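What follows is a single structure, written as structure tokens, with notes after it.
The values are calculated or read from the model by the stated rules, or taken from the named source; none is laboratory data. Because the structure is a prediction, the values reported are computed rather than measured. Reconstructed Cβ throughout: ideal geometry from the backbone, glycine too, with neighbour counts over all protein chains shown. Remember, those area values only see protein heavy atoms, side chains included, never the ligands or the DNA or RNA. Shrake-Rupley method; radii C 1.70, N 1.55, O 1.52, S 1.80 Å.
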Amino acid sequence: MSTLFRDARLADGRICDVRTESGSITDVGDVTDDGPADRVVDADERLLLPGAIDAHVHFREPGHSQKETWRTGSSSAAAGGVTTVVDQPNTSPPTVTGDAFDEKSSLAADSHVDYGINGGVTPDWDPDSLFDRPLFALGEVFLADSTGDMGIDADLFAEAVERAAEADVVVTVHAEDADLFDETARERDAGGVGRDADADVWSQYRRAEAEAAAVERAVEVGAETDAAIHIAHTSTPEGVDAAVAGGATCEVTPHHLFLSRENATELGTYGRMNPPLRSEERREALWQRLVDGDVDIVATDHAPHTVEEKETSLWDAPSGVPGVETMLPLLLERARRGAITYERVRDLTATNPAEIFDLPAKGRVAEGYDADLVLVDPEDEREIRGDDLHSKCGWTPFEGMIGVFPSLTLSRGEIVYDGEAVLGEPSGENVRR
């Protein structure tokens, strides 16, 4: 199947034609004499971006399909312009052995978009069998417990980093130092259940200072073995600064960029995540570091839970929020308003993750790259509504905010979302095979 986009606007402002053939981009420029295409799209100077690479999702299979499945999660990704996702290991069973990897891999065949599968670390992990599989990366390696209770001690972390360095595999780190959590916060009034809870107490508990300390520790261990360290969901400017100083790469999430502790009381348990929401001052500083180039990528930490699971007390509720479908739309709306450039959005969501995680065929609108493409009308904005999204959980912490959603998403040259519906049968592939 060949597709010709006529008069597409690339992120750098160039107007050009883009031709795809057999899943790859074959021409970028003035395409006039290469014969007819099976499908011609009049882009009419709308924005054509490389498909986003979300390096941090939790699609919950195996073990928790009531929250999300590979089919529903990948549908949400496609509708949000994400054409590659990377699933994290805290499923049930956790992806810490070769057999567990194989089980998850069989379920991932239900994905509408391409994917990677990370391996995890627990005291029961089997690195020999795990590194024998086509891992995307190691991690997220938890330095404090989160969903799945996979927090590990310093000795096991050092062992894991050394094994990853030997295998030339990136280590993705969940950086929070539990020794710096404020245990007195557990004695404070956290309100009622669901949206009547006060998620700001969760922010008081998992203190901002716990992040930078853990980042510093992670990069020090990485330096001892020359390992590639990537800091997941960096939520504070201090955490970003520590990653930069230590030579690590880092990601930030949409919820830490667009929400703060000022939203915590309104969101209740729907605003409980790890790391938690930070102060408005820190959120603004985090955004500035994103614009300035200190942040390498945006990844969602898409971590859905059902409404029923969230409708409990703050201390009993699970941590995590969905985000894979709203990441690119939220950033594009900010770009439309001039708060960030389209080129920077492209780099944060596609080009940089492809480079950091060694995906040489993805992340660019250029000849020879996979035809993972997203067509967007920057003026076609709409309110984000949980009922309109494709995640199985059916809610979003960004309810009522404005986003710019794709009008067309292609994965390796095939339309997987047409602006209204997810199309076709699942055909995603493991990017490491």
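What to note about this one:
- 0 to 90° range, to nearest 10: angle between helix 98-108 axis and the chain longest Cα axis: 50 degrees
- Converting phi to 3J(HN,Hα) with the Karplus coefficients 6.51, -1.76 and 1.60 and the offset θ = phi - 60°, the stretch 224-236 yields 5, 10, 6, 7, 7, 9, 10, 8, 6, 5, 5, 10, 10 Hz in sequence order, with x at every glycine or proline.
- Amide proton proximity set for Gly191, modelled H, under 5 Å, gap of 5+: Asp198
- DSSP beta bridges fully contained in the chain are about 50 percent antiparallel.
- Per residue, the chain exposes 36 Å² of accessible surface when a 1.4 Å probe is rolled over the protein heavy atoms with every protein chain present.
- Listed peptides 284-296, 92-104 by packing density, highest first (mean Cβ within 10 Å): 92-104, 284-296
- Annotation: amide H-H contacts under 5 Å for Phe142 (H modelled 1.01 Å from N, sequence separation of 5 or more, or interchain): Val121, Ile152, His174.
- The stretch 21-29 - phi-based ³J(HN,Hα) in whole Hz, Karplus 6.51/-1.76/1.60, Gly and Pro as x: 8, 6, x, 10, 7, 9, 8, 9, x
- 37 °C / 0.692 mPa s Stokes-Einstein diffusion coefficient of the stretch 36-134, Kirkwood radius on C-alpha pairs, µm²/s: 222 µm²/s
- On the basis of the beta-carbon distance and an R0 of 22 Å, Arg337 and Gln288 show a calculated FRET efficiency of 0.90.
- Of Gly363, Gly191, Gly320, the one that fluctuates the most in a GNM where the chain has Cα springs shorter than 10 Å: Gly191
- J(HN,Hα) series, the stretch 43-60, from Karplus relation 6.51 cos²θ - 1.76 cosθ + 1.60, nearest Hz, glycine and proline x: 5, 6, 6, 6, 7, 10, 10, x, x, 6, 10, 8, 7, 7, 10, 10, 8, 6
- At full extension, Glu379 and Asp38 could sit 119.9 nm farther apart than now, given 0.36 nm per residue minus the alpha carbon distance.
- Here's how it looks for Arg278: its modeled amide H is under 5 Å from those of Arg261, which are all 5 or more places away or on a different chain.
- Heavy-atom accessible surface of the chain: percent carbon and sulfur, 1.4 Å: 41 percent
- MRE, 222 nm, helices only [DSSP H, n ≥ 4, -39500 (n - 2.57), over the chain, to nearest 500]: -7500 deg cm²/dmol
- If you wrap the tightest convex hull around every Cα atom of the stretch 329-399 and split its volume per residue, you get 131 Å³.
- Inter-label distance for Ala158 and Gln66, nm, one decimal - labels placed 7 Å from Cα along Cα-to-Cβ: 4.2 nm
- Cross-link reach list, lysines versus Lys362, counting only Cα pairs under 30 Å and skipping chain neighbours closer than eight places: Lys67, Lys104, Lys392
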